[in-house]
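The values are calculated or read from the model by the stated rules, or taken from the named source; none is laboratory data. Quick caveat: nothing in here was measured; it's all calculated off a predicted structure. Quick reminder, even Gly has a Cβ in these numbers, built from the backbone with ideal geometry, and neighbours come from all protein chains shown. SASA here: full protein model, heavy atoms, side chains in, ligands and nucleic acids out. Shrake-Rupley method; radii C 1.70, N 1.55, O 1.52, S 1.80 Å.
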Amino acid sequence: MILQSLVKHYETLARKGLVTLKGWCSAKVSYGIDLRKDGTVRGIVCLKQEEIRGKKTVWVPQNITVPQMVARSSGVSANFLCDNSKYLLGVDKDGSSGRVKECFEAARKLHLDNLKTAHGEMAQALKAFFSGWEPDKARECADLDAQWEEITAAGNLIFVMGPQYAQEDPEIREIWETILQESEGERDGICLVTGQKAEITRIHTVIKGVQGAQSSGAALVSFNAPAFESYGKEQSYNAPVGKYAAFAYTTALNYLLSQRKYVFQFGDTTVLFWAESGEEAYQEAFFFSIEPEIDNQESVRGVFAALKENRPVVIDDIRLNPDQKFFILGLSPNAARLSVRFYYEDSFGKILENLDRHYKRMEIVRPSWDDMEYLGVNRMIQQTVNQNSRDKKPKPNMASAALQAILSGGNYPESLYSNVLIRIRSEQGRVTRGRAAIIKAYLLKNKKVLEKEGAFVKLNEETNDRAYVLGRIFAVLEAIQEDANRGINATIRDKYFNSASAAPATIFPVLFKLKNSHIRKLENPGARVNYEKLITELMGKIDEFPLRLSLEEQGKFDLGYYHQVQKRYEKKEEK
């Protein structure tokens, strides 16, 4: 399913001219080796480009189309016309050692063999270079010596003659296409992706751009031990994928990962997404809907309103089709390989509808200083993380399961709810807007225990739910203590919140004794009367203090506490 949809996406991108054709790939190239006609090195040309990243302007390698590069994990294997300094110059930062010379000799043999029948100016210069270049004398080239550290820093190099790149020479391109055709038919089989007979790929091209994976790339399909062999089939012959399909899916995946503005990190998972039509407008609409910012909340509101009213959604003058097929893929690093955390496909409109329903469930009263109407999925999942820890990544399985539940409209994972409760307990009752919203959404979707969504957006003064009312009472008792002891550093929340939400019968009698002491200190008689009336009203909603509260009831306790606290500050904020 995943490979098939990626192959289709490659074909869509190819029709738009956005990706390379079979036998070619896009590589990040830092420098060009400028050759004279006789094969000697005229100089080194910097091919990096300026790019704005945040507030800084940096120089980054340029993406250039080059002959398909090999998948290299160990050993010596040269690329044609594009490689690092070890292969094309026979040097690394320390000079020319034994293994580096082996790399250069492999590149020398490859280029001389491939170009033996060529007679063009560019090909003759390349053959002369590889025949006469001596790695031990590399520093005699002034340009190379002056930029030694940068050139030998594992970046890719290509060959140029003035403004022309070697791989753009018509004769060389024709030779490369011929080599590709001659190499086909080595081991045929039925491709699992296309269902057609094709040459099977032994090693798949690596995928680059997944955060946490090796910088050189990681494989999505890979077998590297006898334990994975079946019926004597080694390496990727275990999962027979034709050369065309392997090239297509890896090219599409690398292209999607290169679109950094449409890729986001969710815990340890790199999430990428695309529409079947290949239109970027769908990616843009999805991205700002799932990760809203202060400045695009109006756009998010407009998208959801249009879907609800059956009006067309227009992004960059492109009318979005709600029935357009949309794909979402989550990849995580696993040594030299990639793990698929989740894969989801549905109509674009259905995915946005599920996202809108999630935001409705998450809607809750918030402090006046909080301007974020929509709590994006990344901000939501960060509510389960200790913000004082060095590693602020949420638990991987929980994060990916929560995202899939939101997109598909399914139940939230139990671990999301339990992790929020754990975070609240570990921080002595710190119930934030995000944590309260997660509790409300979970109880609505998974447990169906709240009467209706709108009733618990803010303080529900009508409900008699015992756990919810207990949370309200605790918030009132804390307010009495704070009003009686202005500037107090620690309140009953710091000492009693966890035990009060778990074992009310044990703790609340203690809290009421403290309340009687605190309320006598209030200087304002009207405040004393108001607090007593409120406590009496709330106590009338419950018959007794329960011995224990279940996890579900503890969530209601936290929700009641949060709502009552926000109600307390409501009038002050309005003034």
**Request:** List every residue whose amide H lies under 5 Å from the amide H of G43, counting only residues 5 or more places away in sequence or on a different chain, with H placed 1.01 Å from N in the peptide plane.
**Result:** D34
**Request:** State the answer as a single residue: which of V476, N530, G560 lies farthest towards the positive end of the charge dipole of the chain, with beta carbon charges of +1 for Lys and Arg and -1 for Asp and Glu, about the Cα centre.
**Result:** N530
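Arranged from highest to lowest average of other beta-carbon atoms within 10 Å per residue, in what order do the peptides 382-389, 348-355 appear?
On the way: 382-389: 14.5, 348-355: 20.0.
Ranking the peptides 382-389, 348-355 by packing returns 348-355, 382-389.
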**Fill in**
Taking only protein heavy atoms and a 1.4 Å probe, the highest-to-lowest accessible-area order of K395, K445, K556, K22 is K395, K22, K445, K556
**Item:** Contact order relative to length of the range 283-346, as percent, for alpha carbon pairs under 8 angstrom and 6 or more apart
**Value:** 19 percent
**Item:** F266 long-range amide H proximity, modeled H, under 5 Å
**Value:** V271
**Request:** Might you tell me the accessible area per residue for the range 52-177, computed with a 1.4 Å probe and given in Å²?
**Result:** 51 Å²
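Beyond a 22 Å Cα-Cα separation, which of these cross-linked pairs lie in this structure: K533/K567; K37/K127; K93/K137; K395/K448?
Over 22 Å apart, Cα to Cα: K395/K448.
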**Prompt:** Candidates (i) 134; (ii) 208; (iii) 175; which is the computed volume of the Cα convex hull per residue in Å³?
**Reply:** (ii)
**Request:** Please give every one of the aspartates and glutamates within straight-line cross-link reach of K447, meaning a C-alpha to C-alpha distance under 18 Å, and leave out same-chain neighbours fewer than 8 residues apart.
**Result:** E363, E414, D465, E552, E553, D558
**Prompt:** When only C-alpha pairs under 8 Å and at least 6 residues apart count, what is the relative contact order of the range 1-79, in percent?
**Reply:** 26 percent
**Prompt:** Which shape class applies to the range 424-575: rounded if a/c is under 1.5, otherwise prolate when a/b exceeds b/c and oblate if not, where a ≥ b ≥ c are the square roots of the Cα gyration tensor eigenvalues?
**Reply:** prolate
**Complete:** About its Cα centre, the range 244-323 carries a charge dipole, from +1 on Lys and Arg Cβ atoms and -1 on Asp and Glu Cβ atoms, whose size in debye to the nearest 20 is 100 debye
**Message:** Which order do you get for V365, V340 if you rank them by accessible area with a 1.4 Å probe, largest at the top?
**Reply:** V340, V365
**Request:** Return the loop-located trypsin sites (Lys or Arg not before Pro) in the range 505-551 (DSSP other than H, G, I, E, B) with at most 14 other Cβ atoms within 10 Å of their own Cβ; answer none if there are none.
**Result:** R520, K521, R548
**Item:** Per-residue ³J(HN,Hα) for the range 303-311, Karplus 6.51 cos²θ - 1.76 cosθ + 1.60, θ = phi - 60°, Hz, x for Gly and Pro
**Value:** 4, 5, 5, 5, 5, 5, 9, 6, 9
**Estimated dipole of the chain in Debye, rounded to 20 [Cβ of Lys and Arg +1, of Asp and Glu -1, Cα centre]** = 2240 debye
**Asked** Where the only charges are on Cβ atoms (+1 Lys, Arg; -1 Asp, Glu), what is the dipole of the range 88-222 about its Cα centre, to the nearest 20 debye?
**Response** 440 debye
**Request:** Round to the nearest 10 and report in Å² the accessible area of V529, as given by a 1.4 Å probe over the protein chains' heavy atoms.
**Result:** 80 Å²
**Fill in**
Violations at 32 Å Cα threshold for listed pairs K8/K360; K56/K208; K8/K392 -> K8/K360; K8/K392
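Let me know the shape class of the range 109-228, please: from the alpha-carbon gyration tensor, a ≥ b ≥ c as square roots of the eigenvalues, rounded when a/c is under 1.5, otherwise prolate if a/b is greater than b/c, or oblate.
In terms of gyration-tensor shape, oblate.
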**Asked** From the square roots a ≥ b ≥ c of the eigenvalues of the alpha-carbon gyration tensor of the range 386-444, which class results: rounded (a/c under 1.5), prolate (a/b over b/c), or oblate?
**Response** oblate
**Prompt:** When only Cα pairs under 8 Å and 6 or more residues apart are kept, what is the percent relative contact order across the chain?
**Reply:** 10 percent
